[in-house]
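The values are calculated or read from the model by the stated rules, or taken from the named source; none is laboratory data. Computed from a prediction, not measured in an experiment: that's the story for all the values here. Note that each Cβ is placed from the backbone with ideal geometry, even for glycine, and that neighbours are counted across all protein chains shown. For the accessible areas, the whole protein counts, side chains as well, though only heavy atoms, and no ligand, DNA or RNA atoms are used. Shrake-Rupley method; radii C 1.70, N 1.55, O 1.52, S 1.80 Å.
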Amino acid sequence: MPLPAKAFQHWLHSVAPAMSTADICRISGVKRTTLAQQLVRGKVAESSVVSISRALGLNPVDMLSTFDSYADLAGQSCPPTAAELVSQISTMDLLRAVISRSAPAYGGYGDQGSALTPALGPAPHATSVRNWVDAVDDGELRHRVSMATGIAPQNYSAQLTANRLSPELAVATARAAGVGFTGGLVATGLVTESEAGWAPEAKQAALDALSDGELTALAGDRLQALGRTLRRQEQEQAQTEMIWENLG
């Protein structure tokens, strides 16, 4: 949910009382026209608060928690679950881990991981949002989110298919799943893992804790999902080309 303009202006004055709007936009990278339009509409995007907070050296999660709609973020101390951490490891990183464990230089297959395994990339990745929701879904999560927020199930699914989720829905999903509120914000890329308070080696530790069978099965599931996505894109491209050909 975009933040009320009045609340945003009050917050901005409290964190940067001596700075003009032009100064804020210059150091944060937020376009003046964009911020002006948001203020006129009375709704300021959460991403604007995040960008400004970073520019001022403030933690974006802490700053978002000062707004009523994100008050639940205040004092958030619930760490991400192992499933959430693994969900934020890209498919390519999973495949590299499979290869690393089987390579002779890494001691062959073993469940302990290796210091020689390539470093994991940061979140988000190409399927981070869908993977995160799947990781916290008990089978009824989508229904609970729909009931709590009023969003139609098909619209919720459409956002997941597009690998996006509004900050409001990300927090609502976390609340319905009973997990930490920052997981969805990391998966959508609104905040970084460190800004959310995740331990630096948390993802690697979660990956190393997977057995060889679990890792291979997970990588296989990700590849199948990737294959379905690529086939759908190829079909859509073929249909588009056919339409253009028919149009002459």
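(1) among the aliphatic types (A, V, I, L, M); (2) surrounded by 15 or more Cβ atoms within 10 Å (Cβ to Cβ); (3) modelled with pLDDT of 95 or more: which one isn't true of Val40, the others all being true?
(2)
Among the residues of the stretch 13-29, write down those that are under 25 Å from the mean Cα position of the chain (by Cα), buried (at least 16 other Cβ atoms within 10 Å of the Cβ) and of a type in the set (A, V, I, L, M, F, W, C).
Listed by number, the list holds a single entry, Cys25.
May I ask you to list the residues in the stretch 72-104 that are open to solvent by less than 60 Å² (accessible area, probe 1.4 Å), at pLDDT below 90 and assigned to a helix (DSSP H, G or I)?
Listed by number, the residues that qualify are Ser100, Arg101, Ser102.
Suppose we filter Glu245, Glu236 for residues that are more than 22 Å from the chain's Cα centre (by Cα), surrounded by 10 or more Cβ atoms within 10 Å (Cβ to Cβ) and either among the acidic types (Asp, Glu) or in a loop (DSSP other than H, G, I, E, B) (or both); which single one remains?
Glu236
Count, please, the residues in the stretch 1-46 that happen to be farther than 23 Å from Val171 by Cα, part of a loop (DSSP other than H, G, I, E, B) and among the hydrophobic types (A, V, I, L, M, F, W, C).
Residues in the stretch 1-46 being farther than 23 Å from Val171 by Cα, part of a loop (DSSP other than H, G, I, E, B) and among the hydrophobic types (A, V, I, L, M, F, W, C): 4 in total.
Looking at the stretch 215-232, can you tell me whether even one residue there is farther than 19 Å from Arg130 by Cα and among the acidic types (Asp, Glu)?
No, the conditions are met nowhere in the stretch 215-232.
What pairs can you find where one residue is in the stretch 25-50 and closer than 26 Å to Ala71 by Cβ and in contact (Cβ under 8 Å) with a residue 60 or more places away in the chain, the other is open to solvent by less than 90 Å² (accessible area, probe 1.4 Å) and part of a helix (DSSP H, G or I), and their Cβ atoms are less than 6 Å apart, with a gap of 6+ or different chains?
Listed by first residue and then by second, the contacts come to Glu46/Pro167; Val50/Pro60.
Would you confirm whether or not the stretch 57-64 contains a residue that is free of Cβ contacts under 8 Å to residues at least 40 places away in the same chain, more than 28 Å from Ala172 (Cβ to Cβ) and open to solvent by 20 Å² or more (accessible area, probe 1.4 Å)?
yes
Val49: buried (at least 20 other Cβ atoms within 10 Å of the Cβ), β-branched (Val, Ile, Thr) and in a helix (DSSP H, G or I), yes or no?
Taking the combined requirement at face value, the residue satisfies it.
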